[in-house]
Amino acid sequence: MPFTTEVPFGLWIFTLVPHDEERSGRTWGQRIWFRVPAWWALGPQGRSRGALLTRLEKLTWDEVLTLRRSYNQAWPTDREDPAWYEAQDLARITNRATLKNALIKHTEAALSRAARIHGKRVRNFSDEQKTVCFAATALAIEDLSLSLAHRLLGPLRPALGDVHTYPVPTWADSL
């Protein structure tokens, strides 16, 4: 996963090759083998993840507020669904924790940028932030546990619909 919060991003497969020796020592260059589409770096559901990131970048302020309300509708405060903790454990034991954490950072950054466009700010651990983080986590483990992913995507559906129906952005799919 690219170590950037900016999308779109490019991903190239390359190797380091030594150049001629210079007085200061060996210098290195790179040999680019090929460029891969960004969805490849986003994991098994990379196209859906790219679509989610693009959709979050285009949120209206009303949609941000709808995300806030939909979290409360999906997970009322008088009960707690342990899906978040189950997904955290599943990601950790299947070596997906790094991917999950990177996706969460990407979704948080996209939500923050959307809010800034409207002159607003999104608080850490706000319901709208939890909603997009749950969605990112769901997409990171969806191929491992569809039912768990379905529970995590619950808050997103009332606000923005099914993430799997979002159009895949060209930056995520093209070479």
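Residues in the range 127-151 that are touching a helix residue (DSSP H, G or I) at 6+ places or on another chain (Cβ under 8 Å) and either in a loop (DSSP other than H, G, I, E, B) or among the aromatic types (Phe, Trp, Tyr) (or both) were compared, and the one that is farthest from Arg68 (Cα to Cα) is Leu144. Taking the range 141-160 as the range and being in contact with a Lys or Arg (Cβ under 9 Å, 6 or more places away or on another chain) and under 12 Å from Leu52 (Cα atoms) as the test, only Leu160 passes. Pairing residues of the range 79-106 that are among the acidic types (Asp, Glu) with residues that are part of a helix (DSSP H, G or I) and at pLDDT 90 or above, at Cβ distances under 7 Å and at least 6 apart in sequence or on separate chains, gives Asp81/Arg151; Glu86/Leu148.
Give the number of residues within the range 94-150 that are under 11 Å from the mean Cα position of the chain (by Cα) and of a type in the set (S, T, N, Q). Result for the range 94-150: 3. Counted as qualifying within the range 13-126 are the helices (runs of 4 or more DSSP H) with 2 or more residues that are open to solvent by less than 70 Å² (accessible area, probe 1.4 Å) and at pLDDT 90 or above, namely 46-57, 61-74, 83-93, 97-117.
The values are calculated or read from the model by the stated rules, or taken from the named source; none is laboratory data. Because the structure is predicted, anything quoted here is derived from the model rather than measured. Because the Cβ atoms are built from the backbone with ideal geometry, glycine has one as well, and the counts that use them run over all protein chains shown. Each accessible area value is taken on the protein alone, full model and side chains, heavy atoms only, with ligands, DNA and RNA left out. Shrake-Rupley method; radii C 1.70, N 1.55, O 1.52, S 1.80 Å.
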